[in-house]
Amino acid sequence: MTLHHGVIGNPIKHSLSPMIHEYFANEFKLDIHYEKYLFELNNFSEQVKQLIQNNVTGLNVTVPFKTDAFNLADELTENAKLAGAVNTLKLEGRHLIGENTDGMGLVSDIRNNLAINLKDKIILIVGAGGATRGIIKPLLDENIKELHILNRTEEKAIELAAKFSQYGEVSGHGIKIDDFKVDIIINATSSSLDGEAPQISDKFYQNSFCYDLMYGSQTPFMVNALNNDANQVFDGLGMLVEQAAKSFEFWTGKRPDSKKVIKKVRERIA
Ligand code: NDP
């Protein structure tokens, strides 16, 4: 029986998800038809209902619909509740379940693929948008020492830090603060879309492990990190594949070999 899955977004043309999910399906010889769906900005629920009528049972959700998916789901996983956003929908009977795999994807990539131990590390996340909300709790679950959130709009960072402070040592700041040391910097801003790196102090980069959630090319953040003696610098392609693998597992119960797929996708987009 053919399974119908897909990814919803606007824009969606450049999504790598169909390629990634094709590799996953091939590994298990599953017959999965995975489609890109360009949604209109209004009427999210009506558009999802239409897909369900067309036998779609698994959906990835990307910008700008993660909050709509959160609001639409009949049931939410703990990850999704904490993130306040849903990037994966699964239809079980007539019940739509919302999950968020972004944070698990990031942690898997850093811990398993890049072999970085997160325990006792001081982590700086730049940005306080949807992606940051999804990654905070999974990072705190790794027994890190401290998490600092820096954001251009300071109030958002402070608000997020307050929301998660019950789970660990979290603080929120404006983007200019520089009076602490860090081991790991995660760029979770969309500043690359403006062709710039977030305006954090250059001193943070020195000897740090630097990870940009953006992927595909060397971003301004990655260039800054390299120019300021970062220890190691990575883009977010590994996270993209890992979060997709978690979605695939959520739908099918099967765990794909994501490391192989990261390699193949990187070769294909080079
Ligand atoms: P949001 O739009 O929710 O948040 C954007 C954030 O970026 C805000 O904190 C905003 O600050 C900040 N920002 C935007 N422009 C600048 C700038 N020029 N300088 C400094 N800060 C800036 O986006 P998301 O959180 O959903 O996504 C963030 C990034 O993560 C995107 O690039 C996305 O592609 C990537 N991503 C990658 C994934 C992967 O699998 N690799 C998964 C999910 C996301 P302010 O609050 O001040 O506006």
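The values are calculated or read from the model by the stated rules, or taken from the named source; none is laboratory data. Keep in mind that this is a model prediction, so the values were computed, not measured. Backbone-built Cβ (ideal geometry, glycine too); neighbour counts: all protein chains shown. Each accessible area value is taken on the protein alone, full model and side chains, heavy atoms only, with ligands, DNA and RNA left out. Shrake-Rupley method; radii C 1.70, N 1.55, O 1.52, S 1.80 Å.
Suppose we filter 48, 7 for residues that are away from the ligand (no atom under 14 Å from the Cβ), crowded, with 20+ Cβ neighbours inside 10 Å and without any contact (Cβ under 8 Å) to a residue 60 or more places away in the chain; which single one remains? Even if it seems obvious, please write down each step before you answer.
On the way: 7 fails: away from the ligand (no atom under 14 Å from the Cβ).
Being away from the ligand (no atom under 14 Å from the Cβ), crowded, with 20+ Cβ neighbours inside 10 Å and without any contact (Cβ under 8 Å) to a residue 60 or more places away in the chain holds for just one of 48, 7, which is 48.
Could you check how many residues of segment 104-137 are open to solvent by 20 Å² or more (accessible area, probe 1.4 Å) and either part of a helix (DSSP H, G or I) or not charged (D, E, K, R) (or both)?
The initial filter retains those residues of segment 104-137 that are open to solvent by 20 Å² or more (accessible area, probe 1.4 Å), namely 104, 111-117, 119-122, 129-131, 133, 137.
In the following step, the residues that additionally are either part of a helix (DSSP H, G or I) or not charged (D, E, K, R) (or both) were identified as 104, 111-117, 122, 129-131, 133, 137.
Selection size over segment 104-137: 14.
Within segment 20-31, not a single residue is assigned to a loop (DSSP other than H, G, I, E, B) and under 24 Å from the mean Cα position of the chain (by Cα). Looking at (1) under 15 Å from the mean Cα position of the chain (by Cα); (2) modelled with pLDDT of 95 or more; (3) part of a helix (DSSP H, G or I), which is the one condition that is false for residue 46? Every listed condition holds for residue 46 apart from (1). Scan segment 183-202 and give yes if some residue there is without any contact (Cβ under 8 Å) to a residue 24 or more places away in the chain and either at negative phi or more than 11 Å from the ligand (Cβ to nearest atom) (or both), otherwise no. Scanning segment 183-202 turns up at least one residue that is without any contact (Cβ under 8 Å) to a residue 24 or more places away in the chain and either at negative phi or more than 11 Å from the ligand (Cβ to nearest atom) (or both). Of the candidates 66, 81, the single residue that is surrounded by fewer than 21 Cβ atoms within 10 Å (Cβ to Cβ) and of a type outside the set (Asp, Glu) is 81. Return yes when residue 21 is away from the ligand (no atom under 16 Å from the Cβ) and either at pLDDT 95 or above or assigned by TED's automatic domain parsing to the domain that holds residue 253 (or both) and no when it is not. Answer is no for this residue.
Take residue 127 and decide whether it is within 16 Å of the ligand (Cβ to nearest atom), farther than 16 Å from residue 245 by Cα and either at pLDDT 95 or above or over 19 Å from the mean Cα position of the chain (by Cα) (or both). Break it down stepwise before answering.
Values: within 16 Å of the ligand (Cβ to nearest atom): yes; farther than 16 Å from residue 245 by Cα: yes; either at pLDDT 95 or above or over 19 Å from the mean Cα position of the chain (by Cα) (or both): yes.
So residue 127 passes the test.
Considering only segment 80-103, I want to know if a residue exists there that is in a loop (DSSP other than H, G, I, E, B), over 18 Å from residue 136 (Cα atoms) and in contact with a strand residue (DSSP E or B) (Cβ under 8 Å, 6 or more places away or on another chain). No - not one qualifying residue is present in segment 80-103.
Residue pairs whose Cβ atoms lie under 6 Å apart, separated by 6 or more positions or on different chains, with the first residue in segment 70-88 and on the phi > 0 side of the Ramachandran plot and the second within 12 Å of the ligand (Cβ to nearest atom) and not β-branched (Val, Ile, Thr), are 84/133.
Selection of first residues in segment 226-251 that are free of Cβ contacts under 8 Å to residues at least 60 places away in the same chain and within 20 Å of residue 205 (Cβ to Cβ) and of second residues that are assigned to a helix (DSSP H, G or I) and away from the ligand (no atom under 11 Å from the Cβ), restricted to Cβ pairs under 6 Å at least 6 apart or on distinct chains, gives the following pairs, ordered by first then second residue: 228/202; 233/222; 233/225; 233/226.
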